[in-house]
1. Exactly one condition in (1) closer than 19 Å to A:Ser145 by Cβ; (2) crowded, with 20+ Cβ neighbours inside 10 Å is not met by B:Val232; state its number.
2. Can you pull out every residue in the stretch A:160-180 that is out of contact with any Leu (no Cβ under 9 Å at 6 or more places or on another chain), modelled with pLDDT of 85 or more and open to solvent by 50 Å² or more (accessible area, probe 1.4 Å)?
3. Name the single residue that is farthest from the other protein chains (Cβ to nearest Cβ) among those in the stretch B:202-222 being of a type in the set (S, T, N, Q) and either surrounded by fewer than 22 Cβ atoms within 10 Å (Cβ to Cβ) or part of a loop (DSSP other than H, G, I, E, B) (or both).
4. Quick check: anything in the stretch A:121-132 assigned by the TED database to the domain that holds A:Gly16, under 15 Å from A:Leu10 (Cβ atoms), of a type outside the set (S, T, N, Q) and open to solvent by less than 20 Å² (accessible area, probe 1.4 Å)?
5. For the structure I just gave you, tell me whether B:Gln315 is away from chain A (no Cβ under 12 Å), closer than 30 Å to A:Leu33 by Cβ and open to solvent by 80 Å² or more (accessible area, probe 1.4 Å).
6. Restricting to the stretch A:181-205, and then to whatever is modelled with pLDDT under 90 and open to solvent by 90 Å² or more (accessible area, probe 1.4 Å), can you tell me which residue is farthest from A:Gln62 (Cα to Cα)?
7. State the number of residues belonging to the stretch A:139-159 that are more than 7 Å from chain B (Cβ to nearest Cβ) and surrounded by 17 or more Cβ atoms within 10 Å (Cβ to Cβ).
8. Quick check: anything in the stretch B:258-277 exposed (fewer than 15 other Cβ atoms within 10 Å of the Cβ), in contact with a Ser or Thr (Cβ under 6 Å, 6 or more places away or on another chain) and not in a helix (DSSP H, G or I)?
Amino acid sequence: MEGESTSAVLSGFVLGALAFQHLNTDSDTEGFLLGEVKGEAKNSITDSQMDDVEVIYTIDIQKYISCYQLFSFYNSSGEVNEQALKKILSNVKKDVVGWYKLRRHSDQIMTFRERLLHRNLQQHLSSQELVFLLLTPSIITESCSTHRLEHALYKPQKGLFHRIPLVVANLGMSEQLGYKTTSGSCTSAGFSRAVKTHSSEFFKEDGSLKEVQKINEMYSSLQDELKSICEKVEHSERAVEKLLNDVNRLKGEIKKRKQAQLQATREKNVQKDPQENILLCQALRTFFPDCELLHSCVISLKNRRISGSSCTTTHPLSGVHNLTLMVEYTDFPEASPARSALPVTKRKASDMDDGWQFKRSRLGEIQNRPSKTYTNSSNQEKASPVSSPETDEEMERMKGSGEYPQSPTF
Amino acid sequence: MAVQVVQAVQAVHLESDAFLVCLNHALSTEKEEVMGLCIGELNDDLRNDPKFTYTGTEMRTVAEKVDTVRIVHIHSVIILRRSDKRKDRVEISPEQLSAASTEAERLAELTGRPMRVVGWYHSHPHITVWPSHVVSGGLQRDSAIHIHVSILPQSPLPSRLPHDMEQIHVLYNVRTQAMYQMMDQGFVGLIFSCFIEDKNTKTGRVLYTCFQSIQAQKSSEYERIEIPIHIVPHVTIGKVCLESAVELPKILCQEEQDAYRRIHSLTHLDSVTKIHNGSVFTKNLCSQMSAVSGPLLQWLEDRLEQNQQHVQELQQEKEELLQELSSLE
């Protein structure tokens, strides 16, 4: 989508000079504006538009030619006197971009005559882009203490006169932090002379700037330094990487081995120091308090004989376990009177009855077997599997036959 | 009739070439306020020009009112550097005043007239000369002030300071003026308001005003009083004004050099930073050359060309008049 916009610029010195000229006359003043029109195409890419070109025209008002009298090149109808116009603009070296008028104590509106004159000037000067600068000085306080100079630039567009922005160029204009795309509009001969005198100190023969080359060279040296250090760092990174991999690998292996050793040790320790089956011990005490045979050894959780002597430790049990061990005396005729206070459920008691019958028969078998002394050596664990397997085998058989006594439930 | 307030100045007459220098200076930058001193004389002029209005005469005694009015004539101006660049801090140092007085003495010898420093001017970029409303109430820490300003027919345009900052600015201007008047009752102040643009109507404005300060009757604060100002036509530009006009780029360059020297003297800066600062200095000088030196040169060259053409025309006219005169003899 193409668009265009037009604005004008003039320096404060030109504006000041126009005001100065007006202050030195008793009447309105007018004249011509000289300068050039610059166009710049700005390409912008947005999310909605791939290619948005805007042409910005800037009318650069650089100087003026004043007419010492009003109506010096036109009549009251706004018709142009071509001869007079040629005479006024005869020595003009620049293009005429417009004309101006200073009108005292009037509104900032073009008069009818001015509009006619403008159109006629457009024809005579063959310039459709001609602009009209209207300045209206006035006194705005009764005491004459405050004065005002208002200015606006007019340009016809589609038959109507519109105002276009006029910027007074100055030192404090928004500073361009980036690169400038337009050069200054100064065409002063003295300015060009001074600049040219010192050009060779700034520019090389090929037109490039010496300062730019110097800074580029310095920058290039910095880049070389960066490249050199980068290579060194890269080498060191690889070395670190390799060593990290080695170390991590070794740590992994060590960890695995330690874990394996620990596992083996644990297994040994488990075999070495098996944990007593406290519940079994307490259950035997509870239900067979007088059967010394059942109290003759200490059994582990894995059904291994830990000790050949009876357990003398008082095992504190939790409430649940206490409840589990609470049975009625009447359900167990073989049980001691001390146990009679314990409540018992009928169902479980009947199950228990069968189970305990079996246990008694098993206990009898156990009693008939030669007892073996067990030591605390590792052989005990080895030995225990000798007896245990029998027990375990029997237990297994019983399981299979369905005669395996269930754990007493209470 | 009892005189409550004696106004020291009834009007200011500003030569148009001096006005030109002030306006050029004010329009040189919209980034900060600029200032300068006015050189001229304070006279008791005869009231003989009906188009010039005067003020404050009703305050004077009957005898004083009849024939004369106290007029400040400003013949030239001196552009000053601002030592304090803080916004709204426009102050003249004693050294500057002393240098200006020396310059005034030089002008006095040159012109044969009793020249002295008679006032000061400064610019108001993007703000109007005075806010268009009445303000009262405590703006400063200690006392309430009352500032009465003229109601401008068209309200100030956008791009202005916040309301309270403008009031503080007004107060500051009035107090500063009062301070100068303590040295010289006839000291006047000019304000040039520029770069006021209405983006809606696409019009621009430049305003200038003249004022003094008087002590308010009901408080210890100061009030602004308007002083009529008239521009005296001066078709040609005087030597002194021309010299003042071309001082502007020189002063700007000196300011930039001083700023760079201060930066460059910092010993802790590394080489890259120094090169950067050097580039900044170059950039700033280039901006000055493009925005001030170049256009000033161009204007002067155009003025020279105009004058040369005008000389030719006037020469021709003179010859014709001489011929006409000789034919009448």
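1. Unmet condition: (2).
2. In the first step, residues of the stretch A:160-180 are kept if they are out of contact with any Leu (no Cβ under 9 Å at 6 or more places or on another chain); the result is A:160-162, A:172-180.
From the residues that got through so far, the ones that are modelled with pLDDT of 85 or more too are A:160-162, A:172.
Answer for the stretch A:160-180, where residues must be out of contact with any Leu (no Cβ under 9 Å at 6 or more places or on another chain), modelled with pLDDT of 85 or more and open to solvent by 50 Å² or more (accessible area, probe 1.4 Å): A:Leu160, A:His162.
3. Taking the stretch B:202-222 first, the residues of a type in the set (S, T, N, Q) are B:203, B:209, B:212-213, B:215, B:217, B:219-220.
Subset that is either surrounded by fewer than 22 Cβ atoms within 10 Å (Cβ to Cβ) or part of a loop (DSSP other than H, G, I, E, B) (or both): B:203, B:215, B:217, B:219-220.
Working: B:Thr203: 4, B:Gln215: 19, B:Gln217: 19, B:Ser219: 23, B:Ser220: 25 Å.
Among them, the one singled out is B:Ser220.
4. We begin by selecting, within the stretch A:121-132, every residue assigned by the TED database to the domain that holds A:Gly16; these are A:121-132.
Applying the additional criterion that residues be under 15 Å from A:Leu10 (Cβ atoms) yields A:131-132.
Then drop every residue that is not of a type outside the set (S, T, N, Q), which leaves A:131-132.
Pick out the ones that are also open to solvent by less than 20 Å² (accessible area, probe 1.4 Å) and you get A:131-132.
Yes, some residue in the stretch A:121-132 is assigned by the TED database to the domain that holds A:Gly16, under 15 Å from A:Leu10 (Cβ atoms), of a type outside the set (S, T, N, Q) and open to solvent by less than 20 Å² (accessible area, probe 1.4 Å).
5. Values: away from chain A (no Cβ under 12 Å): yes; closer than 30 Å to A:Leu33 by Cβ: yes; open to solvent by 80 Å² or more (accessible area, probe 1.4 Å): yes.
Yes.
6. A:Thr181
7. Keep residues of the stretch A:139-159 that are more than 7 Å from chain B (Cβ to nearest Cβ), which gives A:139, A:142, A:153-159.
From what's left, surrounded by 17 or more Cβ atoms within 10 Å (Cβ to Cβ): A:139, A:153-156.
Number of matching residues: 5.
8. No, the stretch B:258-277 has no match at all.
The values are calculated or read from the model by the stated rules, or taken from the named source; none is laboratory data. Just so it is clear, the model here is predicted, and its values are computed rather than measured. Virtual Cβ from ideal backbone geometry, glycine too; neighbours counted across all protein chains shown. Protein only, heavy atoms only, side chains kept; ligands, DNA and RNA dropped before computing areas. Shrake-Rupley method; radii C 1.70, N 1.55, O 1.52, S 1.80 Å.
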